[in-house]
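The structure appears below as structure tokens.
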Amino acid sequence: MGIFGRKDSDDTTSETAAPGAVSPDLAAVTGDYTIDPAHSSFGFVARHAMVTNVKGKFNEFSGSLHLDGSDPAKSTATIDIVMASVDTGSTDRDGHLKSADFFKADEFPTMTFRSTEAQALGGDDYRITGDLTILGVTKPLTIDLEFNGSAKDPFGNERVGFEGKAEILRSAWGLTWNAALETGGVLVSDKIKLNFDISAIRNA
């Protein structure tokens, strides 16, 4: 899995190691990690009125990672996002998104992701597939992720970082509200782009 494939430019370990061998660098990131909300973000982009993009994010979330350096396919991820924490920079728009037209945040307060499979793509890249649940509807979601490295911060925390992206059709999860435009087309695109920046701290 590329998540464990990161190396410095002058490190030739992964180039000379025998096929299937696990280097000490790979084993070093094995463990359980908690996503740090203060240094992570879960965002989305939707096309608005057919002509521009509206960006948003969720301000409240939690999650965990299990990384396995000896068998990367066993790595897992769980994420829970509070729907009422949606933030697009517009109070009126956020209120509409929380309403029964979209998220029904009172009835379905949380969006969840539970990984089911991890796949190596080579280098620092990998793909993780799991179950995304919105409005009580569960559908598979595949996320392409890049490993940004690992480091110990000034407070002694061992961190790993990732960035990722995915695309969904919101209608597959029952998010079907829309409005027709006089010039043709609709107000909100069905396709939604998801983006992730994750910093996770290794559990003690």
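Being among the β-branched types (Val, Ile, Thr), farther than 16 Å from residue 103 by Cα and open to solvent by 40 Å² or more (accessible area, probe 1.4 Å) is the filter here, so list the residues in segment 54-87 that pass it. Spell out how you get there, then give the answer.
Step one: of segment 54-87, the residues among the β-branched types (Val, Ile, Thr) are 54, 76, 78-79, 81-82, 86.
Still in the running and farther than 16 Å from residue 103 by Cα: 54, 76, 78-79.
Once the filter is applied, which keeps residues that are among the β-branched types (Val, Ile, Thr), farther than 16 Å from residue 103 by Cα and open to solvent by 40 Å² or more (accessible area, probe 1.4 Å), segment 54-87 yields 76, 78.
Can you pull out every residue in segment 65-91 that is among the small types (Gly, Ala, Ser), in a helix (DSSP H, G or I) and at pLDDT 95 or above?
The initial filter retains those residues of segment 65-91 that are among the small types (Gly, Ala, Ser), namely 69-70, 73, 75, 77, 84-85, 89-90.
With the extra rule that they be in a helix (DSSP H, G or I), the set shrinks to 73, 84-85.
Hits for segment 65-91 are 84, 85.
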State all residues of segment 116-144 that are open to solvent by less than 30 Å² (accessible area, probe 1.4 Å) and farther than 23 Å from residue 86 by Cβ; if no residue qualifies, say none.
118, 126, 128
When residue 151 is run through (1) in a loop (DSSP other than H, G, I, E, B); (2) open to solvent by 20 Å² or more (accessible area, probe 1.4 Å), the failure sits at (1)
Would a scan of segment 14-37 turn up a residue that is under 15 Å from residue 87 (Cβ atoms), of a type in the set (Gly, Ala, Ser), at pLDDT 50 or above and touching a strand residue (DSSP E or B) at 6+ places or on another chain (Cβ under 6 Å)?
no
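Kindly indicate which of 94, 106, 101 is of a type outside the set (Gly, Ala, Ser), at pLDDT 95 or above, over 13 Å from the mean Cα position of the chain (by Cα) and open to solvent by 80 Å² or more (accessible area, probe 1.4 Å). It would help to see each step written out before you state the result.
Details: 94 fails: open to solvent by 80 Å² or more (accessible area, probe 1.4 Å); 101 fails: open to solvent by 80 Å² or more (accessible area, probe 1.4 Å).
106 is the lone residue from the list that is of a type outside the set (Gly, Ala, Ser), at pLDDT 95 or above, over 13 Å from the mean Cα position of the chain (by Cα) and open to solvent by 80 Å² or more (accessible area, probe 1.4 Å).
The values are calculated or read from the model by the stated rules, or taken from the named source; none is laboratory data. Model, not experiment: these values are computed from the prediction. Virtual Cβ from ideal backbone geometry, glycine too; neighbours counted across all protein chains shown. Each accessible area value is taken on the protein alone, full model and side chains, heavy atoms only, with ligands, DNA and RNA left out. Shrake-Rupley method; radii C 1.70, N 1.55, O 1.52, S 1.80 Å.
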